[in-house]
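J.: Following this message is one structure expressed as structure tokens.
The values are calculated or read from the model by the stated rules, or taken from the named source; none is laboratory data. For clarity, every value in this text was computed on a predicted model and none was experimentally measured. Counting neighbours? That spans all protein chains shown, and the Cβs are built from the backbone with ideal geometry, glycine included.
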Amino acid sequence: MLKIGVLVKSVLDTEAKLISENGALKIVSGKIVCNPFDEFAIEESIRIKEKLGANVTAVSLNSTGREDELRYAMAMGVDNSVLIKTDRDIVSPLKRAKVIYDVIKGEKFDLIISGREAIDDNFSATSQILANLLGYNVISEVIEERVEGNKIIAKRVLEESEETYELNLPAIITVRKGINNPRYPTLPNVMKSKKMPLKKIEVNVKGDDLSIYYEDKPQKSGAKILNGTYEEIADQLIAIMKNEFHVI
Amino acid sequence: MKSLIFAYTINGKLTRSDMEIISHSRVISDDIHLITNMPLDVPIKGVKKILTPKGGINQDCFAKFIEMAFMKDDYSYIIGKSDIVGKEIASSLSAILDMEYVSDIQSLENNGKLIVKRDFFTGKLSGKIEIKSKSILLLKINTYPIKEMDSEPIIESLDFSCPSTKKLLSRNITSGNKPPLEGAQIVVSGGRGLESKDNYAYVEKLADLLGAATGASRAIVDLGWVPQTYQVGQTGKIIAPNLYIAIGISGAVQHLAGIRNAKKIVAINKDPNAPIFKYADYGIVADFKDFLPVLIKKLEELKK
């Protein structure tokens, strides 16, 4: 049977209010959610399971021991989970990938799916580095896929083109919005997920990490509203585009 | 410091953004070599050496070619463009060479220490990272000015090939005559305030006159008025044009996440309380159906 891994990251939601306090991250308000792109990855793994039969394992890494997003993935239809609890936060995608690699290299996944990026650091690197550590084929930004025997056919969207590739399994794909509409777990499945198998592995991280000095962004002060007749406003706007923005 | 800049091309031509990266890399490096996946139609200036394989090679093989070049010389940094292919190549190099990699770099500071700056939390905060060792650095496109460059490169053409486990079945160019959203200097976007799918034609018309790319809010993507590839925002594209024109877009946090690095924003919305006005530089409180025809006519006259 096909063995699928899906990478799930717990992140601060889009609405979170964040500021810098002497270079450190300060969360003014906000809640932790499943990285939105990873929801597409979870959904896609379950669809493959429903179509072809597969065992799906969700894998997450954090330093807090938080299980919620893995439970959520299992409520959606994932079979079991692995939580990698590190003794400290890791920012570097190379380091994150190495820690995940050490834990999952023995799992022999045929296919690993993750979201195209996490909305906290926006690196879009960890799963791709992981693929290279595992020696798997990798393709990012997938919008359509089908598994056929020991191959996966994946269509992906680039800035100026669309490409369809055929890759030998094992492989890692990262998926983007548009690939599916993630389901909402039913209440019975949410209840059931609380008792589903979750393996917790503790890891002590060695070596230096990237260190980030956060800075606030300049605040916008609000738009200058252009007034007058439509003719006058159009003239003002054209003058602004010409003289201030230099775009025409 | 010696740097190796990689540029992946599907037609042997470098783009404006490649030139941007080459030009700006001189901030950290006085000895720049360029490596490409196929011979260039026109060799460029501003680098000391250009390394190319004799024939064209695919992307996976290109990563191995870069690795080979990196091992043979004493480079401090591998530098590239922070686009999708750039990130795939960089990830592969990061794993093979065991080197840290930082993407989406918006500025490079070099005062004895190399500090790179990039956004975190989809543009809510920016963050500075000190680069302490040999690293892979991907620079965000449409961010840096291109300066005059004159040095003539030596061209080194090498035999290189590798077996492939990944087969390209098809490739369609989707941007057509329009510039792609990422890297576009001007973007015109529409939202639910357009009222109907047909009215997206206003967005296209204005974009056409300005040589702009076209974008959309999530609302009208979900309604099926435009393809998902048009979506600007948290789960769509994160863009940094010089000018962003938002038509009938209210300005949800998720949408704003995609335009935090737009240099100037003009919003057209009939609701004076739309949140987008808090965020824009200039606002026009008007029904687009009344205002845009006037603006479009004036721009057409200007073109003549």
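J.: Please work out if A:Asn189 is in contact (Cβ under 8 Å) with a residue 24 or more places away in the chain, away from chain B (no Cβ under 11 Å) and either in contact with an Asp or Glu (Cβ under 6 Å, 6 or more places away or on another chain) or assigned to a loop (DSSP other than H, G, I, E, B) (or both).
T.: no
J.: Still on this model: Here is a check on your reading of the model: is A:Ser45 among the polar types (S, T, N, Q), surrounded by 20 or more Cβ atoms within 10 Å (Cβ to Cβ), away from chain B (no Cβ under 14 Å) and assigned to a helix (DSSP H, G or I)?
T.: Numbers: among the polar types (S, T, N, Q): yes; surrounded by 20 or more Cβ atoms within 10 Å (Cβ to Cβ): yes; away from chain B (no Cβ under 14 Å): yes; assigned to a helix (DSSP H, G or I): yes.
When the stated conditions are applied, A:Ser45 passes them.
J.: Taking only the stretch A:1-42 into account, find how many residues are surrounded by 15 or more Cβ atoms within 10 Å (Cβ to Cβ), more than 10 Å from chain B (Cβ to nearest Cβ), in a strand (DSSP E or B) and in contact with a Lys or Arg (Cβ under 6 Å, 6 or more places away or on another chain).
T.: 1
J.: Would you check if B:Ala184 is within 12 Å of chain A (Cβ to nearest Cβ), outside any helix (DSSP H, G or I) and more than 25 Å from A:Val175 (Cβ to Cβ)?
T.: Taking the combined requirement at face value, the residue does not satisfy it.
J.: I would also like to ask the following. Could you list, in sequence order, the residues of the stretch A:61-91 that are in contact with a Ser or Thr (Cβ under 9 Å, 6 or more places away or on another chain), closer than 15 Å to A:Asn204 by Cβ and not hydrophobic (A, V, I, L, M, F, W, C)?
T.: A:Asn62, A:Ser63, A:Lys85, A:Thr86, A:Asp87, A:Arg88, A:Asp89
J.: How many of the residues making up the stretch B:1-37 are touching a helix residue (DSSP H, G or I) at 6+ places or on another chain (Cβ under 9 Å) and in a loop (DSSP other than H, G, I, E, B)?
T.: Going through the stretch B:1-37 one residue at a time, the tally reaches 4.
J.: Of everything in the stretch A:228-242, what is of a type in the set (S, T, N, Q) and surrounded by 11 or more Cβ atoms within 10 Å (Cβ to Cβ)? Give them in sequence order.
T.: Correct list: A:Gln236 only.
J.: Give the stretch A:19-58 a look and list any residue that's touching a Gly at 6+ places or on another chain (Cβ under 7 Å) and among the hydrophobic types (A, V, I, L, M, F, W, C), or say none.
T.: A:Phe37, A:Phe40, A:Ala41, A:Ile46
J.: Quick check, is A:Leu130 within 9 Å of chain B (Cβ to nearest Cβ) and modelled with pLDDT of 95 or more?
T.: Details: within 9 Å of chain B (Cβ to nearest Cβ): yes; modelled with pLDDT of 95 or more: yes.
Considered against the rule, which asks whether it is within 9 Å of chain B (Cβ to nearest Cβ) and modelled with pLDDT of 95 or more, A:Leu130 comes out as yes.
J.: Could you pull out every one of the helices (runs of 4 or more DSSP H) wholly within the stretch B:198-304 that has 2 or more residues that are in contact (Cβ under 8 Å) with a residue 40 or more places away in the chain and more than 9 Å from every other protein chain (Cβ to nearest Cβ)?
T.: B:200-210, B:288-303
J.: Moving on to the next point. Has the stretch B:16-29 got at least one residue that is within 14 Å of chain A (Cβ to nearest Cβ), modelled with pLDDT under 90 and under 21 Å from B:Ala184 (Cβ atoms)?
T.: So far as the stretch B:16-29 goes, yes, one or more of its residues are within 14 Å of chain A (Cβ to nearest Cβ), modelled with pLDDT under 90 and under 21 Å from B:Ala184 (Cβ atoms).
J.: Related question: Looking only at residues in the stretch A:198-213 that are among the acidic types (Asp, Glu) and not in a strand (DSSP E or B), which one is farthest from the other protein chains (Cβ to nearest Cβ)? Full working, then the answer.
T.: In the first step, residues of the stretch A:198-213 are kept if they are among the acidic types (Asp, Glu); the result is A:202, A:208-209.
So of that shortlist, the ones also not in a strand (DSSP E or B) come out as A:208-209.
Numbers: A:Asp208: 8, A:Asp209: 9 Å.
Out of the qualifying residues, it is A:Asp209.
J.: Could you please find all residues in the stretch A:214-247 being more than 7 Å from every other protein chain (Cβ to nearest Cβ) and hydroxyl-bearing (Ser, Thr, Tyr)?
T.: A:Ser221, A:Thr229
J.: Which is touching a residue at least 12 places away in the same chain (Cβ under 8 Å), more than 19 Å from B:Ile136 (Cβ to Cβ) and within 22 Å of the chain's Cα centre (by Cα), of B:Leu14, B:Leu4, B:Leu34?
T.: Of B:Leu14, B:Leu4, B:Leu34, the one residue that is touching a residue at least 12 places away in the same chain (Cβ under 8 Å), more than 19 Å from B:Ile136 (Cβ to Cβ) and within 22 Å of the chain's Cα centre (by Cα) is B:Leu14.
J.: Given the residues B:Ala184, B:Ala212, B:Ala267, B:Ala201, which is the only one that is out of contact with any Gly (no Cβ under 9 Å at 6 or more places or on another chain) and either among the β-branched types (Val, Ile, Thr) or surrounded by 24 or more Cβ atoms within 10 Å (Cβ to Cβ) (or both)?
T.: Working: B:Ala184 fails: out of contact with any Gly (no Cβ under 9 Å at 6 or more places or on another chain); B:Ala267 fails: out of contact with any Gly (no Cβ under 9 Å at 6 or more places or on another chain); B:Ala201 fails: either among the β-branched types (Val, Ile, Thr) or surrounded by 24 or more Cβ atoms within 10 Å (Cβ to Cβ) (or both).
Exactly one residue qualifies, and that residue is B:Ala212.
J.: Of the residues in the stretch B:238-252, how many are β-branched (Val, Ile, Thr) and over 13 Å from B:Phe277 (Cα atoms)?
T.: 2
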